[in-house]
Amino acid sequence: MIEAVGITKRFPGLIANDRISFAVRPGEIHAIVGENGAGKSTLMKILAGLYEPDEGEIRLRGQPVRLRGPRHAAQLGIGMVHQHFMLIPRFTVTENVVLGSEPGSAARLDLVAARARVRELAQRYHLDIDPDAPVARLSVGQQQRVEILKVLYRGAEVLILDEPTAVLVPQEVEELFHHLRELRKQGKTVLFISHKLDEVLAIADRITVLRRGRVVGTLEAREATKPRLAEMMVGRPVLFDLEKPPAGDAAEGGPLLELADVTCREGTRTVLERVSLSVRPGEIYAIAGVEGNGQAELVQVITGLRVPDEGHIRLLGADATRWSVERRRAAGMAVIHEDRHRQALVLPMSIWENALLGRHRHRRWRRGPFFRPATIRSHVAREVARYDVRTPSLDVPVASLSGGNQQKLVLARELSQAPRIIVAAQPTRGLDVGAIEFVWGQLLEARARGLGVLLISADLEEILALADRIGVIARGRLVGELARSEATAEVLGRMMLAGGEAS
Ligand SMILES: Nc1ncnc2c1ncn2[C@@H]1O[C@H](COP(=O)(O)OP(=O)(O)OP(=O)(O)O)[C@@H](O)[C@H]1O
Ligand SMILES: [Mg+2]
């Protein structure tokens with residue numbers, strides 16, 4: 001159906017795609033896997049007409065094509081579903097789907113006809129969605145369906161999805177897969193990227209593995225196993241079960257972080273209701289829950305981005321309820337924000353500048369009013385190497401790093417400043433298996449050294465691998481607290497859902 005033949009794409013200082021050749025059969029679900037920075041997104045952008053390759057050719061149904069841009073690709077039946085949704089919240093589903101697809105003056109289009117067509121498409125592909133609903137009111141999973149509809153509306157035969165499951169909760173992933181199978185049944189071809197090998201094995205017909213810009217191979221999914229894929233990706237065997245060292249001296253000293261009856265309101269809605277918890281030295285306390293149940297607000301009050309309406313926060317024994325972000329940092333709190341684009345990184349700035357964010361005033365980096373560039377650069381270079389942030393230099397803008405490498409940079413910065421307590425929200429989202437192994441190892445090591453970790457994760461596997469204690473959050477309330485020994489995925493899942501219904 002669609003084929004890459006010897007595709008090469010260079011960026012200043014590196015080759016993102018190096019003579020890539022692979023073929024996608026009509027009507028198959030084809031997964032692309034590979035480490036962070038392997039060149040997956042670049043390749044998909046080339047196939048969707050967003051980048052032009054430096055060398056090589058794309059064939060569509062056997063015919064060489066030169067894509068002149070995403071619009072041209074869409075005309076030829078290739079559509080990309082973007083990871084960062086490009087929807088306008090105030091508009092309805094129909095308006096969003098139609099937006100931009102009608103050229104010129106035809107933009108004053110026939111909304112009635114469009115609406116009927118959207119409804120028809122949604123029905124045909126069993127994408128359960130109301131054409132008249134404003135997008136602002138949709139869940140993340142539903143917004144993704146709108147993006148898929150948008151691509152189908154433009155007549156896509158080949159759908160490209162870059163990490164579509166990264167933003168979804170498990171039930172939504174199931175629903176998405178259901179939709180993808182439906183699309184396949186009706187003859188569409190699907191290309192998608194994921195770091196979650198279990199998902200890939202569950203949904204793909206064939207899998208192409210990239211490593212450092214090159215194709216390692218294409219496998220039939222039924223011949224593939226998780227360890228085999230991981231080894232092809234990384235070039236060495238990957239351990240999936242890491243050993244959890246015994247906890248540090250947990251009893252020593254008081255809690256590092258305490259929340260007492262913290263309540264937050266937004267208008268008339270209570271987004272956090274009397275949340276109390278404590279994180280002790282040498283323990284990982286995990287918050288489990290379906291996303292959107294107060295986790296974001298919880299991180300905001302803990303890190304100082306928001307003042308609670310009621311209740312108190314104590315940091316290392318002191319009342320920190322009204323402390324600024326900077327003061328909490330100075331006291332030893334490191335934060336891994338979930339939304340790295342909005343809260344953790346300044347995309348147009350260079351790697352070394354980003355590595356210094358939030359602690360640029362530190363004595364170590366300055367001599368009087370001046371920065372000490374050599375000291376800074378050697379420090380940043382060391383961290384970048386340790387965290388395996390793949391980049392041609394420290395001077396490139398962070399925007400040019402792959403998603404996973406941006407995340408690794410945030411982790412390197414936050415964990416390298418000798419914190420006492422780490423607040424980690426979705427720390428491994430978007431990371432490849434090797435990087436997850438490394439980050440989990442870092443968090444466990446921090447715990448062994450007596451640090452406290454508050455882990456907020458939508459990934460139950462991650463929670464079960466790391467946590468000593470687990471609090472379950474639903475509708476802004478902690479509906480239960482378990483020791484690791486009492487927790488299983490089933491128990492947690494039940495509590496997450498039951499707690500949501502109860503109120
Ligand atoms: N616009 C750009 N300018 C410069 N370099 C870029 C640009 N886009 C990507 N790169 C580089 O190309 C390489 C491949 O990036 P790409 O985004 O394709 O990786 P990826 O496989 O999608 O990784 P991830 O799993 O982290 O998303 C990376 O080293 C990245 O830094
Ligand atoms: Mg990518």
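The values are calculated or read from the model by the stated rules, or taken from the named source; none is laboratory data. The structure displayed is predicted, hence computed values, not measured ones. Cβ: placed from backbone, ideal geometry, glycine included. Neighbour counts: every protein chain shown. Note: areas computed on protein heavy atoms with side chains; ligands, DNA, RNA excluded. Shrake-Rupley method; radii C 1.70, N 1.55, O 1.52, S 1.80 Å.
See the values below:
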read-out: Segment 377-390, residues that are open to solvent by 40 Å² or more (accessible area, probe 1.4 Å) and within 13 Å of ligand 1 (Cβ to nearest atom); value: Asp388, Arg390
read-out: Close pairs (8 angstrom Cβ cut-off, 6 or more residues apart or separate chains): without any contact (Cβ under 8 Å) to a residue 40 or more places away in the chain and open to solvent by less than 40 Å² (accessible area, probe 1.4 Å) in segment 31-56, assigned to a helix (DSSP H, G or I) and within 7 Å of ligand 1 (Cβ to nearest atom) anywhere; value: none
read-out: Only listed residue being assigned by TED's automatic domain parsing to the domain that holds Leu455 and more than 16 Å from ligand 1 (Cβ to nearest atom), chosen from Arg342, Arg366, Arg322; value: Arg322
read-out: Segments classed as strands (runs of 3 or more DSSP E), wholly inside segment 159-230, with at least 3 members that are out of contact with any strand residue (DSSP E or B) (no Cβ under 9 Å at 6 or more places or on another chain) and open to solvent by 60 Å² or more (accessible area, probe 1.4 Å); value: none
read-out: Hey, Ala418 open to solvent by 10 Å² or more (accessible area, probe 1.4 Å) and modelled with pLDDT under 85 or not; value: yes
read-out: Complete set of residues in segment 423-478 that are farther than 22 Å from Gly294 by Cβ and polar (S, T, N, Q); value: Gln442
read-out: Residue in segment 1-19 that is most open to solvent (accessible area, probe 1.4 Å), counting only those that are within 8 Å of ligand 1 (Cβ to nearest atom) and aliphatic (A, V, I, L, M); value: Leu14
read-out: Set Asp432, Asp468: member being crowded, with 23+ Cβ neighbours inside 10 Å and either among the acidic types (Asp, Glu) or in contact with a Lys or Arg (Cβ under 6 Å, 6 or more places away or on another chain) (or both); value: Asp432
read-out: Among residues of segment 39-68, those that are of a type in the set (Gly, Ala, Ser) and closer than 20 Å to Val81 by Cβ, counted; value: 4
read-out: Cβ-Cβ under 9 Å pairs, at least 6 apart or on other chains, segment 416-440 side within 19 Å of Arg386 (Cβ to Cβ) and among the acidic types (Asp, Glu), far side open to solvent by 10 Å² or more (accessible area, probe 1.4 Å) and within 16 Å of ligand 2 (Cβ to nearest atom); value: Asp432/Glu35; Asp432/Gly37; Asp432/His195
read-out: Matching residues in segment 20-39 - criterion: being assigned to a loop (DSSP other than H, G, I, E, B), more than 11 Å from ligand 1 (Cβ to nearest atom) and of a type outside the set (Lys, Arg); value: Pro26, Gly27, Glu28
read-out: Residue in segment 398-410 that is under 17 Å from Val299 (Cα atoms), outside the structural domain of Cys264 (by TED's automatic domain parsing) and within 16 Å of ligand 1 (Cβ to nearest atom) present; value: yes
read-out: Residue tally, condition in contact (Cβ under 8 Å) with a residue 12 or more places away in the chain, in a helix (DSSP H, G or I) and open to solvent by 30 Å² or more (accessible area, probe 1.4 Å), over segment 128-149; value: 4
read-out: Counted residues, segment 391-402 - those being outside any loop (DSSP other than H, G, I, E, B) and open to solvent by less than 30 Å² (accessible area, probe 1.4 Å); value: 1
read-out: Cβ pairs under 8 Å, 6+ apart, first in segment 158-170 and more than 23 Å from Met1 (Cβ to Cβ) and within 16 Å of ligand 1 (Cβ to nearest atom), second at pLDDT below 95 and among the small types (Gly, Ala, Ser); value: Ala166/Ser194; Ala166/Gly430
